Amino acid sequence: MRMAFLPLLIALLIPQAPSTAPKESQLNLNPLQPSIPSSAIERSQAAVVGIKVQVPLDRPSVLTLGPERWGSGVIFDPAGYAVTVSYVVLDAKIIQVSLRDGRVVPAKLVGLDLENGLGVIKLEGDGPWPAAALGDSSKVAVGEATATIGVGEANEIVITQGKIQAIQSFAGYWEYMIDRAFVVAPYNPSFGGSPLFNARAEVIGIVSLRLGERLFVNLAIPIEYFTSSKEELIRQGRVLSRPPRPWLGLYTVPAKEGVVVAGASPIGPASRAGLQIGDLIVRINGEKVESQEEFYRRLWQAQIGQEITLVVLRQSRFQVITLRPVDRYQFFRAPEK
């Protein structure tokens, strides 16, 4: 199931190669805004890496994310572990990592946290590798100075100084929601997986998305979502201590009353249940749906494999659709341990 505006939504929310990445001397710095000392930026850069990925054509994420991807990441452990956004490394077969000293080394995927949108890779080799310190993002406040350091497709460093514009919840159309996210302005064009640093050269977030139309901003995942589970991700390949969220493979956009179906993953239950593009979902398991956030919370109260009921409004008529959510890790496989 596809929809004409779904590719536009995806284009706004996943990394795109900038036509010309800004050089450090070209960065738009407002002298009235707080800024990160140049010494902190210098210390931060060594641990920032570029990531290029190849994905087999038969993998499910190719349909929306493509078989060749690039993004950024940051090494957080001298043993060579780096964190990035999950969509860069999802279904990856070949991962090449570019370091700031010019080296290009292979890496492997070791952990996926699809609930929070993060992935962990391990550089091949003994190291020690340059590593950045992970900060305490729970104490970050609106107005705090930040530096987003990304790597462009041509392995050029892209630095944007900015600030935390807002701290808020965020719900994405692909069954994704976090209760606390950083909105960072101005945006960095090489945002996919770029680390967000504070003035102490500590990583306080992983930049995930570009939001908006003209005055773009970045959305960053606070590093607290990673530090709380990083050991388990490395050891187990996924967070097994947290129940997986029931997944429908459904793409939705908010509406005045409920959520509108914008498409569905071909491998998810929603694509087989009879849902159609344009359906307005107004109830789930008998409970009224008034927002996308509410729809997700009610969906995630269900159990994997347990039948759920959706009431949809289609062409001025109500219809009842039943389906069973699944564990999406059975399709987007976490690394075997």
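Annotations for the structure displayed:
- Gain on full stretching of the segment that runs from Val105 to Lys139 - 0.36 nm per residue minus C-alpha separation: 8.7 nm
- Gaussian network model of the chain, Cα within-10 Å springs - most flexible of Asp91, Asp113, Asp126: Asp126
- Among Val253, Val142, Val184, residue whose mean-square fluctuation peaks in a GNM of the chain (springs only between Cα atoms under 10 Å): Val142
- Relative contact order for the chain: 17 percent, from Cα pairs under 8 Å spaced at least 6 residues apart, divided by residue count.
- Helical mean residue ellipticity (222 nm; -39500 (n - 2.57) per DSSP H run of 4+; nearest 500) of the chain: -3000 deg cm²/dmol
- If the segment from Glu213 to Glu156 were pulled out straight at 0.36 nm per residue, it would be longer than the present Cα-Cα gap by 18.0 nm.
- For the stretch 255-287, backbone nitrogen atoms closer than 17 Å to the point 7 Å from Ser316 Cα along Cα-to-C-beta are found at 279-280.
- Between the stretch 204-221 and the stretch 136-181, the Cα center-to-center distance that results, in Å: 6
- Choice from Ser169, Ser229, Ser316 showing the highest fluctuation, given a GNM over the chain with Cα pairs closer than 10 Å: Ser316
- The slack in the chain from Asn285 to Val253, taken as 0.36 nm per residue of separation less the alpha-carbon distance, amounts to 9.6 nm.
Read the figures in this text as sums done on the coordinates, not as results from a lab. Just so it is clear, the model here is predicted, and its values are computed rather than measured. Methodologically, a virtual Cβ is constructed for each residue, glycine included, from the backbone with ideal geometry; neighbour enumeration extends over all protein chains shown.
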